[in-house]
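Read through the structure below, which is laid out as structure tokens, and then see the notes.
The values are calculated or read from the model by the stated rules, or taken from the named source; none is laboratory data. Since the model is a prediction, treat every value here as computed from it, not as a measurement. Ideal geometry is used to build each Cβ from the backbone, glycine not excepted, and the neighbour counts take in all protein chains shown.
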Amino acid sequence: MEIRTKRVYEEPNVSDGVRVLIDRLWPRGVSKESAAIDYWAKAVAPSNELRVWYGHEPEKWREFRERYFAELDANPEGVAELISHIDGTTATLVFGSKEEKLNNASALRQYLERFESQDG
């Protein structure tokens, strides 16, 4: 399984594989057709409280990841459902944030890669 990340505002590409929106809210100004989302994984998006607390402040990144991973650990059904949609294929975690590196997609990718390495 290869997991990539990409802003929803970037052009979809066949090489994206399964496109998974991982934000709790639909991104502004993007139609469902132009986003080409295969699965909207709202259940594994960071809680609203965590998202607001983080505010994409780089100095909070480490703690954001820890808190987000704890939310994911407490939501095995949501994680299992996401994995069932992407397992064994290329998947692109699509996000709306302007922050391209320190965002929920990057954190979720790290989580899933860690999760996968434990299984393999």
Based on what the data block shows, is Ala70 over 23 Å from Arg7 (Cβ atoms), not β-branched (Val, Ile, Thr) and not in a loop (DSSP other than H, G, I, E, B)? yes
For residues in the range 76-113 being small (Gly, Ala, Ser) and buried (at least 16 other Cβ atoms within 10 Å of the Cβ), which is nearest to the chain's Cα centre (by Cα)? Ala105
With the structure loaded, tell me whether Ala35 is touching a strand residue (DSSP E or B) at 6+ places or on another chain (Cβ under 8 Å), among the hydrophobic types (A, V, I, L, M, F, W, C), touching a residue at least 60 places away in the same chain (Cβ under 8 Å) and closer than 26 Å to Glu10 by Cα or whether it fails that test. no
Since Glu100 meets every condition but one in (1) modelled with pLDDT of 95 or more; (2) farther than 13 Å from Ile22 by Cα, which condition does it not meet? (1)
For the range 40-75: of the residues being of a type in the set (Lys, Arg) and within 14 Å of the chain's Cα centre (by Cα), which is surrounded by the fewest Cβ atoms within 10 Å (Cβ to Cβ)? Lys42
Return the pairs, sorted by first residue and then second, in which the second residue is at pLDDT 95 or above and of a type in the set (Ser, Thr, Tyr), the first residue lies in the range 46-57 and is over 20 Å from Glu100 (Cβ atoms), the beta carbons are less than 9 Å apart, and the residues are 6+ apart or on different chains. Ser47/Tyr68
Restricting attention to the range 1-51, which residues are part of a strand (DSSP E or B) and basic (Lys, Arg)? Arg4, Lys6, Arg7, Arg19
Filter result (without any contact (Cβ under 8 Å) to a residue 40 or more places away in the chain and either among the hydroxyl-bearing types (Ser, Thr, Tyr) or in contact with a Leu (Cβ under 9 Å, 6 or more places away or on another chain) (or both)) within the range 61-83: Arg67, Glu71, Leu72, Gly78, Val79, Ile83
Top-ranked residue in the range 19-29 [being among the hydrophobic types (A, V, I, L, M, F, W, C) and buried (at least 17 other Cβ atoms within 10 Å of the Cβ); ranked as farthest from Phe64 (Cα to Cα)]: Val20
